[in-house]
Amino acid sequence: MIEDLRDLPHGTTVTADVCLIGAGAAGITIARELAGSTLRVCLAEGGGMQYEYQESQVLYRGDSIGVPVSLEGGRLRFLGGTTNHWSGRCAPLDDVDFRRRDWIPHSGWPIDRTELDPYYARARTVAGFSSAWLSDADTLSYLGIALPSINEEWLKPFLWHFTPAMKDAPAWRWANAYGKVLRESSNIHALLHANFKAFSTEKDRSRVRNVTVTSLNGVSATIFAKIFVLCCGGIENARLLLLGAEQNAGSFGNENDLVGRYFMQHPRGPAGLIVSAERMSRVQGQFNILRGPDDLELEIGLTLTPQIQEKERLLNCSAVLQYQGDPTSGVTAAQDIWRSLLTGRWSPDMGEKVGRIAGDFGEFVHGLEHRLSSGHTLAREGSTGIPSRSATILLDLEQAPDPDSRISLSQDRDALGLRRVQANWRLSELERRTAARFTTYIAAEFARLGIGRGRLEPWLQDERIPMTGALQETYHYIGTTRMADDPREGVVDRNCAVHGMDNLYVAGSSVFPTAGHANPTLTILALALRLADNIRR
Amino acid sequence: MGFEPPRQIGDHGAARALERRHWLRAFVALFGVLSFGPPFGVRESWSEEAHLEKWLRLFSVDFLGDGAALSHLGAIYLASNPGERNRKRLSRLLSGDGTNPVGLSLIENVARDWLEHDVAVVEGWVLARTEARICAVLHIMDGALV
């Protein structure tokens, strides 16, 4: 059942076995897993069924005092949460991401990749994949791609899968995909416009007794449950724990002042340029977004091998190539002609453009086929399918966990009277060094293979150039309630239970101790499925 | 412009034998081989001279610049590698034991640099160490250093 708190009587009491706070990727996944069980589940969502700025989104306003963080734009506060602007790009974390790496302080998960592998398999289904993924080798074989013989001691190809469901976006959103389950399951009670207001605990603060939720029009409800799970995303999970500790004079995992610290993202930015005198058609057909088995969209890029990460004491990272279309190609000539036909404006150089198509016919046919099969129209902007002589190396970087990169509470208060969030996101020189070395390896290998020559961006040549001009946030908010067996090192334990609390759990990327380079959604889902299994037991 | 493989040099007077003209051509040959040839194989002959010239024009002028630009890269390389700021030492580093023709030796050295990841980043360009040293020699031959 889905209800709107605004339609309920003020002072309503809800009793459940499990209270999930937040209906994004993690919250909906856990609710979906518990649907049809004997457990009564209350799913409290601060937003409604769609984006509403004044009614909900405005509550995400906050202060960003470090590297800029889009506190309002990076998160979405309605059913489905931030999946509502998810690109559908999926990959699991690498083995190395789970390891304690002595060159990266505060690295290491208390679990390893094998612990998550069975959940990754299930997570793919939740994410909208209808079939199992082939191995990378089988995928490349299916695509008929023989990648350049890159030195595998240094670099290795990396494949991302795009969930096919996102092809139908915005029609396919999590609220649409899983709304029916929430609506029709007799043991699920979803409450919309139910914003967190306060935690109440037992006297010794070891158990949450209830949570008060309220709508912006003043209707409040109290939810009693045996188990509470925060599923509000990497920033809001920390904020709610900090508010809980403040409201109850302690605990909520913050005995060691760790809640909100180690705030990370995947900084993304251009790191270099590959240029070639010749068109890079072969590479363009390999390191790109391609159509794979079962019509899946795939992206092939590169990562640094774990051996090189260890040898050079670097972070994990990945790169994709973004090609600049050759303006002299037959495809661009065809684009111009097609646009002229659509607009009825005939330019005098049409003959020259037809000549360009004829003179570039082989590349024209190949490029057009690639462009159209990738779902691009001929008229649309963008370089897909257009032969290229240069490509930008675009990086996604892991960050070194930094306790001073943190989410805390601001002195400002929101419409509910709660302290807003303050983000102090920090980058470190290890990110810059990793980007420089990784890009150098790519450029050197591409030179060796005769693909083209590489040049690093200025920010990788001069440490005086601020990284903030080159790197952007990716809205992947990670690490603020990190997982560790030792309460002195983390906020939650290996089962995502808040240290020092008997019945409070955290789901989402806030529990990742390190971030790897991969988009976090698949790992969020895997951990949510694992937590759901534990709750069911 | 025709292309002649750099002449073989003996044990003595190697540095003097390396005329600037040959360095330029050697540099072109290196980039040309890397661009058009089998990934890092050594050419049996210089049968693709036209390709090399075309590549010189496009790559060298459009992306790296002309001889003066390469000399500039050499100056920057030497600034961060002052231990190599010596024409004789550089020539020794580049010409090896003199048993191979210079061009062949340089090509082999560049191939080995890539395989061993012995690279230099000069003004952002990722160069094989040997390429960077060739630029350095060009700079020295410009008269800035002896």
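The values are calculated or read from the model by the stated rules, or taken from the named source; none is laboratory data. It should be emphasised that the depicted structure is a prediction, and the values quoted were computed from it without experimental measurement. Here Cβ is always computed from backbone atoms with ideal geometry, including for glycine, and neighbour counts include all displayed protein chains. Note: areas computed on protein heavy atoms with side chains; ligands, DNA, RNA excluded. Shrake-Rupley method; radii C 1.70, N 1.55, O 1.52, S 1.80 Å.
Quick notes on this one:
- Selection of the stretch A:150-187 for residues being under 19 Å from residue A:84 (Cα atoms) and of a type in the set (A, V, I, L, M) yields A:165, A:166, A:169, A:171, A:175, A:177, A:181, A:182.
- If the condition is being more than 14 Å from chain B (Cβ to nearest Cβ) and in contact (Cβ under 8 Å) with a residue 12 or more places away in the chain, then the stretch A:454-478 contributes A:467, A:468, A:471, A:472, A:473, A:474, A:475, A:476, A:477, A:478.
- Those residues of the stretch B:117-141 which are more than 10 Å from every other protein chain (Cβ to nearest Cβ) and out of contact with any strand residue (DSSP E or B) (no Cβ under 8 Å at 6 or more places or on another chain), in sequence order: B:130, B:133, B:134, B:136, B:137, B:138, B:139, B:140, B:141
- Each residue in the stretch A:390-432 was checked for being buried (at least 24 other Cβ atoms within 10 Å of the Cβ), of a type in the set (A, V, I, L, M, F, W, C) and not in a strand (DSSP E or B), and 1 pass.
- Scanning the stretch A:209-252 for residues that are part of a strand (DSSP E or B), open to solvent by 20 Å² or more (accessible area, probe 1.4 Å) and over 21 Å from residue A:77 (Cβ atoms) yields A:209, A:222, A:224, A:227.
- Residues of the stretch A:328-364 classified as of a type in the set (Ser, Thr, Tyr), under 20 Å from residue A:285 (Cα atoms) and open to solvent by less than 70 Å² (accessible area, probe 1.4 Å), total: 2
- Taking the stretch A:48-74 as the range and being aliphatic (A, V, I, L, M) and buried (at least 19 other Cβ atoms within 10 Å of the Cβ) as the test, the residues that pass are A:59, A:67, A:69, A:71.
- Of the residues A:11, A:88, the single one that is touching a residue at least 60 places away in the same chain (Cβ under 8 Å) and buried (at least 21 other Cβ atoms within 10 Å of the Cβ) is A:88.
- Unmet requirement for residue A:302, which otherwise passes all of (1) within 30 Å of residue A:406 (Cβ to Cβ); (2) at pLDDT 95 or above: (1)
- Against the criterion of being of a type in the set (Lys, Arg), under 23 Å from residue A:230 (Cα atoms) and part of a loop (DSSP other than H, G, I, E, B), residue A:494 qualifies.
- Members of the stretch A:439-453 found to be within 7 Å of chain B (Cβ to nearest Cβ) and β-branched (Val, Ile, Thr), listed by number: A:440
- Evaluating residue A:82 against the criteria (1) over 23 Å from residue A:422 (Cα atoms); (2) polar (S, T, N, Q); (3) not in a loop (DSSP other than H, G, I, E, B) leaves one unmet condition, (1).
- Subset of the stretch A:31-47 [crowded, with 24+ Cβ neighbours inside 10 Å and among the β-branched types (Val, Ile, Thr)]: A:41
- Restricting the stretch A:138-196 to residues that are aromatic (Phe, Trp, Tyr), open to solvent by 10 Å² or more (accessible area, probe 1.4 Å) and away from chain B (no Cβ under 14 Å), the residue that is farthest from residue A:46 (Cα to Cα): A:142
To keep it simple, each residue is scored yes or no on (1) open to solvent by 30 Å² or more (accessible area, probe 1.4 Å); (2) within 20 Å of residue A:157 (Cα to Cα); (3) of a type outside the set (A, V, I, L, M); (4) assigned to a helix (DSSP H, G or I).
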position	(1), (2), (3), (4)
A:434	no, yes, yes, yes
A:439	no, yes, yes, yes
A:446	no, yes, yes, yes
A:450	no, yes, yes, no
A:459	no, no, yes, yes
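- The set of residues in the stretch A:461-506 that are among the basic types (Lys, Arg) and either surrounded by 22 or more Cβ atoms within 10 Å (Cβ to Cβ) or closer than 30 Å to residue A:277 by Cα (or both) contains only A:482.
- Listed by position, the helices (runs of 4 or more DSSP H) contained in the stretch A:263-351 that have at least 3 residues being away from chain B (no Cβ under 14 Å) and touching a Phe, Trp or Tyr at 6+ places or on another chain (Cβ under 9 Å) are A:330-343.
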